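Structure record follows, encoded as structure tokens.
The values are calculated or read from the model by the stated rules, or taken from the named source; none is laboratory data. Only a predicted model underlies this, so the values are computations on that prediction, with no experimental measurement involved. Don't worry about glycine lacking a Cβ; one is built from the backbone with ideal geometry, like all the others, and counts go over all protein chains shown. Protein only, heavy atoms only, side chains kept; ligands, DNA and RNA dropped before computing areas. Shrake-Rupley method; radii C 1.70, N 1.55, O 1.52, S 1.80 Å.
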Amino acid sequence: MSFIIAIDGPAAAGKGTLSRRIAETYGFHHLDTGLTYRATAKALLDAGLPLDDEEVAATMAHEVDLAGLDRSVLAQHHIGEAASKIAVMPLVRRALVEAQRLFSSREPGTVLDGRDIGTVVCPQAQVKLYVTASPDVRARRRHDEIIANGGSANYAAIFEDVKKRDERDMGRADSPLKPADDAHLLDTSEMSIEAAFQAAKILIDAVLNPN
Ligand code: C5P
């Protein structure tokens, strides 16, 4: 049986970096499930199709190829916005969750990060982490990341976006963002990613090597 680590949390909380680091350390496969929603949204945008037709969006979701998810293309801001719009649709979620579950069974283990991994996609995960940080810290990190990559960014606009995305992700009826009852909370507001990684490692090692 595959060992599954579920990592959930709001946008820009640091869960992507943390998940990649954990997957590398344990030699596990990693899936950023946000990319599956982004790939579906991008396919609709590229085809000039509407973002509010659930049947059409679900058809696109069925065609997403997990092997072809390219972060550098899908990271674009407008794709993230479109992704959070189609992520409210139950038929889209059903198609993507099915693909994510299949991925989660890969041996020897997997790390999946997203919004509903510990609650819906893999409720049986051996380790569940809920990674969060205050909206201000998350907006600041995203701002600094864009500047560091040579872009231009406006902190106030990013802060508003972070709050809007939180509302959409936490307020939707199907699979809203929330910690699983048995998730370990990691608030990274005043913690470096390195410190968060060390805290996560202690939790994972305790389950992998009890006693
Ligand atoms: O994490 P990321 O910003 O790439 O996710 C884009 C959007 O996809 C999120 O705002 C959220 O609405 C949706 N999403 C989701 N469930 C997941 C992962 C992402 O609804 N497991």
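Here are the numbers:
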item	result
Qualifying residues in region 158-211 (those that are of a type in the set (Ser, Thr, Tyr) and either in contact with an Asp or Glu (Cβ under 8 Å, 6 or more places away or on another chain) or touching a residue at least 12 places away in the same chain (Cβ under 8 Å) (or both)) - the one surrounded by the fewest Cβ atoms within 10 Å (Cβ to Cβ)	SER189
Within region 88-106, tally of residues that are within 11 Å of the ligand (Cβ to nearest atom) and of a type in the set (S, T, N, Q)	1
Region 99-113 - residue that is touching a Cys at 6+ places or on another chain (Cβ under 9 Å) and touching a residue at least 40 places away in the same chain (Cβ under 8 Å) and, of those, nearest to ALA6 (Cα to Cα)	LEU112
Region 12-28, residues that are at pLDDT 95 or above, open to solvent by 30 Å² or more (accessible area, probe 1.4 Å) and within 16 Å of the ligand (Cβ to nearest atom)	ARG20
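One line per residue, one yes/no per condition, for (1) modelled with pLDDT under 95; (2) within 13 Å of the ligand (Cβ to nearest atom); (3) among the polar types (S, T, N, Q); (4) within 18 Å of the chain's Cα centre (by Cα):
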site: ARG71; (1), (2), (3), (4): yes, yes, no, yes
site: LEU112; (1), (2), (3), (4): no, yes, no, yes
site: THR119; (1), (2), (3), (4): no, yes, yes, yes
site: GLY150; (1), (2), (3), (4): yes, no, no, no
